[in-house]
């Protein structure tokens, strides 16, 4: 692996620690304020609006600046987040939640645009295979260690102390950003947002079938993402126990990785069947959530976690295959649209979740059935897109 890729890997490590913390403990911090589903849903809704806008603006800035510059803006916004969490407390509560959500969304949006578009431009050689392998391994280690480490820090010095600790990783992220590869869209013949209409980006049958797949995927991802956290928070108030549950879910993901890799070598089970299995596991997890006892909620999270792994692995690889032949600027446009469609569908799902007050009410059951139906449609949309790539259905 080249020095440039090693530096990019170091950037991924420092940023992954920050994003893992934000995903679990900022949501827990908000949940503990009133244990209201509405509060967590509102925070995430505002965050994704900011995320989508920042992703688009970050893609535009890449025509003038390198990914390192965009990553520094992301790190600075992360710092603003922890300043607000530590020292700003305003009323009404919705304003406070929005103030926190905005820099969190901007942090994620800028980093996602720099990372996703930058990596798509960097290349796909053998050394990049080593880079992605190392990224996956490190990501799994962080998913194991980070929740436990910060649960202990919060128990020891409280949330405020953990916010201060995060500045160490933000500082690392800023420092490393000066040494990452100087990748940008300066060499592109056209601007990202020229010829950006959805008809001009999703031009082939396989790409067109991705649109409903992305919409359904956004619904599924958001429902699973927010309720896996809320179910866990509902099971126990002990932060160490919450961290251990998150580690257990990660362990099931790692086990799924091992099983999938072992069978994929022989191709004894097709990717379409793995995807169907994943969606059925997720759907079963959704159904179990209708019986909200602590043990059932944990089992529900296990099944939806397994389902999410197979969904992401196969769904993402099929998208890569369908876009691999595109020019860099076309790939950048596709990635921006992909992010926007996912974010819009996630915002729509969060708007529905705002009306949920408990796990036994009609609204929760209706939203769950909607997510359940979306999950079951994904294999169909994905297979249609895959068939179009192979020229079976053009």
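Return yes when residue 58 is within 15 Å of residue 114 (Cα to Cα) and assigned to a helix (DSSP H, G or I) and no when it is not. Before the answer, list the steps.
Details: within 15 Å of residue 114 (Cα to Cα): yes; assigned to a helix (DSSP H, G or I): yes.
Yes: the conditions hold for residue 58.
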Looking at region 147-202, which of its residues are without any contact (Cβ under 8 Å) to a residue 12 or more places away in the chain and on the phi > 0 side of the Ramachandran plot? 158
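Would you be able to say whether some residue in region 245-252 is over 24 Å from residue 30 (Cα atoms) and surrounded by 21 or more Cβ atoms within 10 Å (Cβ to Cβ)? Working first, answer last.
The initial filter retains those residues of region 245-252 that are over 24 Å from residue 30 (Cα atoms), namely 251-252.
Still in the list and also surrounded by 21 or more Cβ atoms within 10 Å (Cβ to Cβ): none.
No: zero hits.
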If you go through region 328-340 one residue at a time, do you hit one that is farther than 30 Å from residue 35 by Cβ, at pLDDT below 85 and either in a loop (DSSP other than H, G, I, E, B) or under 16 Å from the mean Cα position of the chain (by Cα) (or both)? yes
What's the number of the only condition in (1) in contact (Cβ under 8 Å) with a residue 12 or more places away in the chain; (2) not in a helix (DSSP H, G or I) that residue 91 fails to meet? (1)
Could you run through region 197-206 and say how many residues are part of a loop (DSSP other than H, G, I, E, B) and either modelled with pLDDT under 80 or exposed (fewer than 15 other Cβ atoms within 10 Å of the Cβ) (or both)? 2
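Here is a check on your reading of the model: is residue 151 assigned to a helix (DSSP H, G or I), touching a helix residue (DSSP H, G or I) at 6+ places or on another chain (Cβ under 8 Å) and surrounded by 21 or more Cβ atoms within 10 Å (Cβ to Cβ)?
On the way: assigned to a helix (DSSP H, G or I): yes; touching a helix residue (DSSP H, G or I) at 6+ places or on another chain (Cβ under 8 Å): yes; surrounded by 21 or more Cβ atoms within 10 Å (Cβ to Cβ): yes.
The answer is yes for residue 151.
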Going through region 359-376 in order, the residues found to be modelled with pLDDT under 85 and either in a helix (DSSP H, G or I) or closer than 15 Å to residue 52 by Cα (or both) are 372, 375, 376
Just wondering, is there one or more residues in region 173-181 that are assigned by TED's automatic domain parsing to the domain that holds residue 32, out of contact with any helix residue (DSSP H, G or I) (no Cβ under 8 Å at 6 or more places or on another chain) and either within 29 Å of residue 371 (Cβ to Cβ) or surrounded by fewer than 22 Cβ atoms within 10 Å (Cβ to Cβ) (or both)? yes
Which condition does residue 2 not pass, out of (1) touching a residue at least 40 places away in the same chain (Cβ under 8 Å); (2) out of contact with any helix residue (DSSP H, G or I) (no Cβ under 7 Å at 6 or more places or on another chain), if it passes all the others? (2)
When residue 356 is run through (1) assigned to a helix (DSSP H, G or I); (2) at pLDDT 90 or above, the failure sits at (1)
Criterion (closer than 23 Å to residue 47 by Cβ, in contact with a helix residue (DSSP H, G or I) (Cβ under 8 Å, 6 or more places away or on another chain) and touching a residue at least 24 places away in the same chain (Cβ under 8 Å)) met by exactly one of 338, 333, 318: 338
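Rundown of residues vs (1) more than 27 Å from residue 330 (Cα to Cα); (2) surrounded by fewer than 19 Cβ atoms within 10 Å (Cβ to Cβ); (3) modelled with pLDDT of 90 or more; (4) out of contact with any helix residue (DSSP H, G or I) (no Cβ under 7 Å at 6 or more places or on another chain), yes/no style:
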| residue | (1), (2), (3), (4) |
| --- | --- |
| 111 | no, no, yes, no |
| 126 | no, yes, no, yes |
| 131 | no, no, no, no |
| 156 | yes, yes, yes, yes |
| 159 | yes, yes, yes, no |
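The values are calculated or read from the model by the stated rules, or taken from the named source; none is laboratory data. Treat the numbers as computed from the prediction; the structure is a model and nothing was measured. Please note: Cβ atoms are built from the backbone with ideal geometry, for glycine as well, and neighbour counts cover all protein chains shown.
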